[in-house]
Amino acid sequence: MALNLPSSTLIPSTLIPLSFSHPPKPLYKFGLTRPKNSTRPETLTRAVKEWKEYEEAVKDKDLGKALKFLKSVNDAAQIETRPESGYRFLERDWEVLDTCLSADDMRLVGNAYQFLKDKGFLPNFGKCRNIVLEGPREVTPKIMKSSIGLEVSKLSPKKWGLSGTSSAALCVFLGGVSYLLSQGIDLRPNLAAILGLAILDSIFLGGTCQAQITSYWPPQRRRILVHEAGHLLTAYLMGCPIRGVILDPIVAMQMGIQGQAGTQFWDEKLEKELAGGRLSSTAFDRYCMVLFAGIAAEALIYGEAEGGENDENLFRSICVLLQPPLSVPQMSNQARWAVLQSYNLLKWHKHAHKAAVKALERGGSLSSVIKSIEDALLSER
């Protein structure tokens, strides 16, 4: 089940050579002995030809084909990476993650992450799977305040017109309209048309057009990146394969994600337990932590959260499936507990979260974002 959110030592990977306009001549042609086990030109040619299949699969976003090829490559057929071979090589295994977003089978996505983890590329994937930070299960507003220094009201997603920035913008807007009216310029007919379009957008498109417009505003854009990076990093540390991060509201709408952006992840244990008619506290806690990680990330960076309304809606939809269903006070306590856990987890991995935000800001692919997270985590050791 794909959940839509409106969020060791590395060993060498399978490698391919860079192309050369004038390939370097082997040293043995100048009278030196060919190094033992050095790569022959015909081996390199065959390997490059074989890897073209992988490149085409990545380009076509065919996860099944790309993963099948990587698994079929055995150690004996891999290209030598010895310095004396005279060639430079690039890691390509990471790129299999860039095909995950187009995959319909989430088990295939999970297999891709497990494959890379087994090869040593993702040593930190799932390292916090079984970690629940110490603290009380009952998290009152007072405990939340003493733990992170924020009032509970700062962690509630803002509705229209309730945030400080929107209130200020509304005052400026009304002031500007009043001034224009005093100058004999009447914009009310145009404003009525704009308001009508906004209402239609909200009813039929879930506010997608408005989200598309506001997402171009740099401060709002960065806040979205901070929010989604929180989902992504927490899901990664908790061992939940990430299918992709969608930052375009139009694409998010096409994929059934409400809001300005979304992070899709998969929890195999949660899916199996829900299919079996039961849900363990461990799986539920992990899901809640990933779900509320966006709100926690905003609180960590900005001191308050504005996004996350759809996260809360998803949380309520899961709570309804529980038997017996959680009461309203129990739901509120679980939400506060999850935010506190995610807040502390992101605080402990703040450099990795910052690296993820920067990678998303550059427009990096999923593989580059994950690699940035791993590099940041390894540098902290």
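When only residues in the stretch 356-381 that are among the acidic types (Asp, Glu) and assigned to a helix (DSSP H, G or I) count, which is nearest to LYS127 (Cα to Cα)?
In the first step, residues of the stretch 356-381 are kept if they are among the acidic types (Asp, Glu); the result is 361, 374-375, 380.
Imposing the further condition that a residue be assigned to a helix (DSSP H, G or I) reduces the set to 361, 374-375.
Numbers: GLU361: 26, GLU374: 12, ASP375: 15 Å.
Once the filter is applied, the top-ranked residue is GLU374.
Residues in the stretch 297-320 that are modelled with pLDDT of 90 or more and aliphatic (A, V, I, L, M): ALA297, ALA299, LEU300, ILE301, ALA305. Give the stretch 277-311 a look and list any residue that's over 19 Å from LEU150 (Cα atoms) and either open to solvent by less than 10 Å² (accessible area, probe 1.4 Å) or not polar (S, T, N, Q) (or both), or say none. If the condition is that a residue be over 19 Å from LEU150 (Cα atoms) and either open to solvent by less than 10 Å² (accessible area, probe 1.4 Å) or not polar (S, T, N, Q) (or both), then GLY277, ARG278, LEU279, ALA283, PHE284, ASP285, ARG286, TYR287, CYS288, VAL290, LEU291, ASP311 are the ones that fit. Note on the stretch 106-163: residues that are within 26 Å of GLN334 (Cβ to Cβ), among the hydroxyl-bearing types (Ser, Thr, Tyr), modelled with pLDDT of 90 or more and surrounded by 15 or more Cβ atoms within 10 Å (Cβ to Cβ) amount to 1. In the stretch 312-336, the residue that is surrounded by the most Cβ atoms within 10 Å (Cβ to Cβ) out of those that are small (Gly, Ala, Ser) and under 22 Å from LYS142 (Cβ atoms) is ALA335.
The values are calculated or read from the model by the stated rules, or taken from the named source; none is laboratory data. Just so it is clear, the model here is predicted, and its values are computed rather than measured. Quick reminder, even Gly has a Cβ in these numbers, built from the backbone with ideal geometry, and neighbours come from all protein chains shown. Surface accessibility is based on the protein's heavy atoms, side chains included, excluding ligands, DNA and RNA. Shrake-Rupley method; radii C 1.70, N 1.55, O 1.52, S 1.80 Å.
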